[in-house]
Amino acid sequence: MACDEIVGSTRAFGAAAAVGGLVVDQQAALAGEGCLRPGEAKCTFGTGAFLLANTGTAAARSAAGLSTSVAWRLRERTSYRLDGQVYTAASAVRWMENLGWIRGAADLDEVADPGGVGGVLAVPALAGLGAPRWRPDARALLSGMTLATTTGHLVAAVLQGIAAQVAELGAAAERDLGAPLTRLRVDGGLTRCRTLMQAVADLMQVPIEVYPSEHATALGAVALARVAADTGLSLADAVVGWAPGPVYEPAWPADRATEFRARWSAAAGTA
């Protein structure tokens, strides 16, 4: 069924209501955040992190280790997207909580050392590594620790390691798209963590625009339902307009980001 088809009706909420706008959750978030043109990308930070890039009507097989599938089908036209996954994002935060490093996700910015990672390098492959490596057998690494290493350094390093994986996905998407990303839109609970969002901006070297609602997926599904209900409505007109909450600009120079990503990639190759 296409995303703009009415597939039936329901009385689950009282009076009969049409059912339409069927869509997968990450694709719904892609729509909800307004990434409707080829080359526009978003990343949802949940248990894992999911970076999707719109490729328009082109369904080219990824040459950079990402997956390709349907984004949505509207008005008899199919749009596609690239997709990459980081297996542990909020789940890595829960791991740190279980170890007693933090009390919870709201504690991250307070505990993470504002001066940096103190030489610690983290590959938080606590459930393996996803795209573009596809190594479920990979294991997490922490290196560079000394007697001077603090909990704040470790927390900051794990967040930096999550950001490094997202940056790898962004670089893979750029190779497949044949053009650089000019920004990344983000949603999900971990977008409240300033330390993580700044690390993503620093390593990707693009502005990070935070979606102001926790419900990008639901709002994207609503937009597609509107398109299903009104045959004269385009998806661009159906998506709720929004302005980013915080926007994180890169603070690192490009050469520092390149050096770190090369060092992190080498460590990830041994995980």
Completion exercise
Of T270, T195, the only residue that is within 26 Å of R133 (Cβ to Cβ) and open to solvent by 70 Å² or more (accessible area, probe 1.4 Å) is T270
Handout entry: Among (1) surrounded by 16 or more Cβ atoms within 10 Å (Cβ to Cβ); (2) over 18 Å from the mean Cα position of the chain (by Cα); (3) over 24 Å from W252 (Cβ atoms) - the single one Y80 does not satisfy
Key = (2)
Exercise for the section: Determine whether segment 252-266 contains at least one residue that is in contact with a Leu (Cβ under 9 Å, 6 or more places away or on another chain), surrounded by fewer than 18 Cβ atoms within 10 Å (Cβ to Cβ) and more than 22 Å from T182 (Cβ to Cβ). Expected result: yes
Problem - Breaking point among (1) modelled with pLDDT of 95 or more; (2) closer than 23 Å to N54 by Cβ; (3) not in a helix (DSSP H, G or I), for V240 - result: (1)
Exercise for the section: Select from segment 145-161 the residues that are in a loop (DSSP other than H, G, I, E, B) and either modelled with pLDDT under 95 or in contact with an Asp or Glu (Cβ under 8 Å, 6 or more places away or on another chain) (or both) and list them in ascending order. Expected result: T150
Exercise for the section: Please work out which one of (1) among the hydrophobic types (A, V, I, L, M, F, W, C); (2) touching a strand residue (DSSP E or B) at 6+ places or on another chain (Cβ under 7 Å); (3) not in a loop (DSSP other than H, G, I, E, B) is the condition A266 fails and give its number. Expected result: (2)
Handout entry: Complete set of residues in segment 220-237 that are more than 20 Å from V24 (Cβ to Cβ), modelled with pLDDT of 95 or more and open to solvent by 80 Å² or more (accessible area, probe 1.4 Å)
Key = D237
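Report the residue count in segment 1-15 for those that are among the aliphatic types (A, V, I, L, M) and either in a strand (DSSP E or B) or open to solvent by less than 60 Å² (accessible area, probe 1.4 Å) (or both).
Quick first cut of segment 1-15, residues among the aliphatic types (A, V, I, L, M) only: 1-2, 6-7, 12, 15.
Now restrict to residues that are either in a strand (DSSP E or B) or open to solvent by less than 60 Å² (accessible area, probe 1.4 Å) (or both): 2, 6-7.
Number of matching residues: 3.
In the list R94, R73, which residue meets the criterion of being touching a Cys at 6+ places or on another chain (Cβ under 8 Å) and open to solvent by 20 Å² or more (accessible area, probe 1.4 Å)? Walk me through how you get there before you give the answer.
Numbers: R94 fails: touching a Cys at 6+ places or on another chain (Cβ under 8 Å).
Exactly one residue qualifies, and that residue is R73.
Name every residue in segment 162-218 that is small (G, A, S) and outside any helix (DSSP H, G or I), in order of residue number. Before you say what the answer is, go through the steps one by one.
Here is the first cut: in segment 162-218, the residues small (G, A, S) are 163-164, 167, 170-173, 178-179, 188-189, 199, 201, 213, 216, 218.
Correct list: G178, A179, G188, S213.
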Problem - Residue list for segment 100-115, filter: open to solvent by 60 Å² or more (accessible area, probe 1.4 Å) and within 23 Å of W252 (Cβ to Cβ) - result: E110, P114, G115
Practice task
With respect to A18, determine if the residue is open to solvent by 50 Å² or more (accessible area, probe 1.4 Å), over 30 Å from T88 (Cα atoms) and in contact (Cβ under 8 Å) with a residue 40 or more places away in the chain.
Solution key: yes
Practice task
Exactly one condition in (1) closer than 30 Å to T231 by Cα; (2) of a type in the set (G, A, S); (3) at pLDDT 95 or above; (4) surrounded by fewer than 23 Cβ atoms within 10 Å (Cβ to Cβ) is not met by A63; state its number.
Solution key: (1)
Practice task
Show the residue pairs that are 6+ apart or on different chains and have beta-carbon atoms under 9 Å apart, the first residue being within segment 147-162 and under 12 Å from G119 (Cα atoms) and open to solvent by less than 20 Å² (accessible area, probe 1.4 Å), the second being at pLDDT below 95 and outside any loop (DSSP other than H, G, I, E, B).
Solution key: none
Completion exercise
Pairing a residue in segment 116-130 that is farther than 24 Å from R256 by Cα and open to solvent by 20 Å² or more (accessible area, probe 1.4 Å) with any residue that is part of a loop (DSSP other than H, G, I, E, B) and hydrophobic (A, V, I, L, M, F, W, C), where Cβ atoms lie under 7 Å and the two sit 6 or more apart in sequence or on different chains, gives L126/A140
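The values are calculated or read from the model by the stated rules, or taken from the named source; none is laboratory data. Note that the structure is predicted; figures quoted are calculated from it, not measured. Counting neighbours? That spans all protein chains shown, and the Cβs are built from the backbone with ideal geometry, glycine included. The protein model used for the area step is the full one, side chains on, heavy atoms only, and it has no ligands, DNA or RNA in it. Shrake-Rupley method; radii C 1.70, N 1.55, O 1.52, S 1.80 Å.
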